[in-house]
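The values are calculated or read from the model by the stated rules, or taken from the named source; none is laboratory data. Every value quoted in this text rests on a predicted model; they were computed, and no experiment measured them. Cβ coordinates were reconstructed from backbone atoms using ideal geometry, including for glycine residues, and neighbour counts include every protein chain displayed.
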Amino acid sequence: MAGPNVASSRTTPFRLAINGYGRIGRCFLRALHESEFSEHFKVVAINEPADLASIAYLTRFDSTHGRFPGRVTADDDGLLVGEQMIAVSHSTTPEGVDWTGLELDLVVECSGQYGERAELQRFLDAGCPRLLLSQPGNSAADVDATIVHGINHGSLGGHERLVSNASCTTNAVVPVLDLLHRSLGLEQVLLTTLHSAMNDQPLIDGYHHSDLRRTRSAMQSIIPVSTGLARGVERLLPALAGRVHAKAIRVPTHNVSAIDMVLTLSRDASAASINRLLQDAAAGPFSGLLAWSDETHASIDFNHDTHSAIVDGSQTRACGSRMINLLVWFDNEWGFANRMLDVTRHWLTLPSPDVSIPH
């Protein structure tokens, strides 16, 4: 979806920092680099415990998304991406970085280690003007807002300091559920996420996690895991409270996931009418956020796809007149990183009367 124009009064780029430079942190930097808005938003700092040589190497070469489309080098001053020099620090705590001295507008928190408000407050106390999380807060009260771009980003007022970008799965399902609930009503929702392997799983069996299933090899099994997706959906769509149920299964692929949706509707509908509704939304109000296709796809077809969700119309099924089964694909890394970029753009271009941000 089209984002807001950068405020005309702004004469210098917004200054961003990334805390935690793993899969999402690196995708965020690359998404910004590949976007048309890169001249208006600059990553000026990265905080990541790994050594600088490894940071540079994993920025240049990515097994999932390919080589970085530009020059990346490292020297004593930090990480040079194109013509942009990025300062690199290696602190394991929020207090270990001089956020104030970096004169930032926003920090993108991609470590995934912080979910409680008291923990997040440490960033603000250490000088971060605003924090955008790449994961949900532990509860709605732990952040000032939880945002799925295209659904509720307009609720941001500009005064918030702690905002969550929800999860990749929440970003994938909420646009579809919101559209169908407003159009046909949803009585019950059952979501099964088929998610690519993640780095909390070992390549071979080992003592890696308190969840015993996650001690098993990620590349040899289909593994059920716990999920907070139902809670995340209800946080964004409170009208569905008590109606959403979810489970998750990790599958041995490196990227691109899917969600199998079983929906009980309030009104009669056919598979064809559901597909038309979703196809029209993808071409109209949800353009850029939602896509629709009825080609014979495999998951790899959506690697590096910027959409939050792609509805596979060839898999839509009607079970009677009020039960619908949908399959939705999403790049769990790249789509989500692009939504973080969208929220960053929207949030920073809002007036912020209650927050003093150095420019």
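Among the residues in segment 77-92, are any under 30 Å from VAL233 (Cβ atoms) and surrounded by 13 or more Cβ atoms within 10 Å (Cβ to Cβ)? Write out each step before concluding.
Going residue by residue through segment 77-92, those that are under 30 Å from VAL233 (Cβ atoms) are none.
No: segment 77-92 contains no residue that is under 30 Å from VAL233 (Cβ atoms) and surrounded by 13 or more Cβ atoms within 10 Å (Cβ to Cβ).
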- Return the total of residues in segment 193-215 being free of Cβ contacts under 8 Å to residues at least 12 places away in the same chain and either in the same structural domain as GLY137 (by TED's automatic domain parsing) or surrounded by 14 or more Cβ atoms within 10 Å (Cβ to Cβ) (or both). 2
- Mind listing whichever residues of segment 78-118 are under 12 Å from ILE46 (Cα atoms) and of a type in the set (Asp, Glu)? ASP98, GLU109
- Query: How many residues are crowded, with 19+ Cβ neighbours inside 10 Å and free of Cβ contacts under 8 Å to residues at least 40 places away in the same chain when one looks only at segment 39-58?
  - Reply: 2
- Message: Between a residue in segment 251-280 that is farther than 30 Å from PRO202 by Cβ and any residue that is modelled with pLDDT of 95 or more and among the aromatic types (Phe, Trp, Tyr), which pairs come within a Cβ distance under 6 Å, given they are 6 or more apart or on different chains?
- Response: LEU278/TRP292; GLN279/TRP292
- Task: Could you run through segment 30-42 and say how many residues are of a type in the set (Asp, Glu) and either assigned to a loop (DSSP other than H, G, I, E, B) or closer than 16 Å to GLU109 by Cβ (or both)?
- Result: 2
- Mind checking which pairs have a first residue in segment 281-305 that is within 19 Å of CYS168 (Cβ to Cβ) and at pLDDT 95 or above and a second that is of a type in the set (Ser, Thr, Tyr) and crowded, with 22+ Cβ neighbours inside 10 Å, Cβ under 7 Å, 6 or more apart or different chains? LEU289/SER308; LEU290/SER308
- Task: With the checklist (1) crowded, with 19+ Cβ neighbours inside 10 Å; (2) modelled with pLDDT of 95 or more; (3) in contact with a strand residue (DSSP E or B) (Cβ under 7 Å, 6 or more places away or on another chain) in hand, flag the one item ASP178 doesn't pass.
- Result: (3)
- Query: In segment 139-160, which residues are more than 15 Å from GLU234 (Cβ to Cβ) and not in a loop (DSSP other than H, G, I, E, B)?
  - Reply: ASP142, ALA145, HIS153, GLY154, SER155
- Query: Before we move on, is VAL163 β-branched (Val, Ile, Thr), farther than 24 Å from ILE18 by Cα and not in a loop (DSSP other than H, G, I, E, B)?
  - Reply: no
- Message: Quick check on segment 110-122. Is at least one of its residues modelled with pLDDT of 95 or more, among the aliphatic types (A, V, I, L, M) and buried (at least 20 other Cβ atoms within 10 Å of the Cβ)?
- Response: yes
- Item | Enumeration of residues in segment 227-238 that are in contact (Cβ under 8 Å) with a residue 12 or more places away in the chain and touching a strand residue (DSSP E or B) at 6+ places or on another chain (Cβ under 7 Å) | THR227, LEU229, ALA230, VAL233, ARG235, LEU236
- Take segment 166-194 and flag every residue that is more than 14 Å from the chain's Cα centre (by Cα) and outside any helix (DSSP H, G or I). GLY185, LEU186, GLU187, GLN188, VAL189, LEU190, LEU191, THR192, THR193, LEU194
- Filter segment 59-76 for residues that are among the hydrophobic types (A, V, I, L, M, F, W, C) and within 22 Å of the chain's Cα centre (by Cα); the one that is surrounded by the fewest Cβ atoms within 10 Å (Cβ to Cβ) is PHE61
- Message: Restricting to segment 29-38, give me the number of residues that are among the hydroxyl-bearing types (Ser, Thr, Tyr) and free of Cβ contacts under 8 Å to residues at least 40 places away in the same chain.
- Response: 1
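Could you tell me whether any residue of segment 344-353 is within 23 Å of GLU34 (Cβ to Cβ), assigned to a loop (DSSP other than H, G, I, E, B), hydrophobic (A, V, I, L, M, F, W, C) and in contact (Cβ under 8 Å) with a residue 40 or more places away in the chain? Walk me through how you get there before you give the answer.
Let us first name the residues in segment 344-353 that are within 23 Å of GLU34 (Cβ to Cβ), namely 344-349.
If we keep only those that are assigned to a loop (DSSP other than H, G, I, E, B) as well, we get 349.
Then keep just the ones that are hydrophobic (A, V, I, L, M, F, W, C); that gives none.
Within segment 344-353 (the criterion being within 23 Å of GLU34 (Cβ to Cβ), assigned to a loop (DSSP other than H, G, I, E, B), hydrophobic (A, V, I, L, M, F, W, C) and in contact (Cβ under 8 Å) with a residue 40 or more places away in the chain), the answer is no, since none of the residues qualifies.
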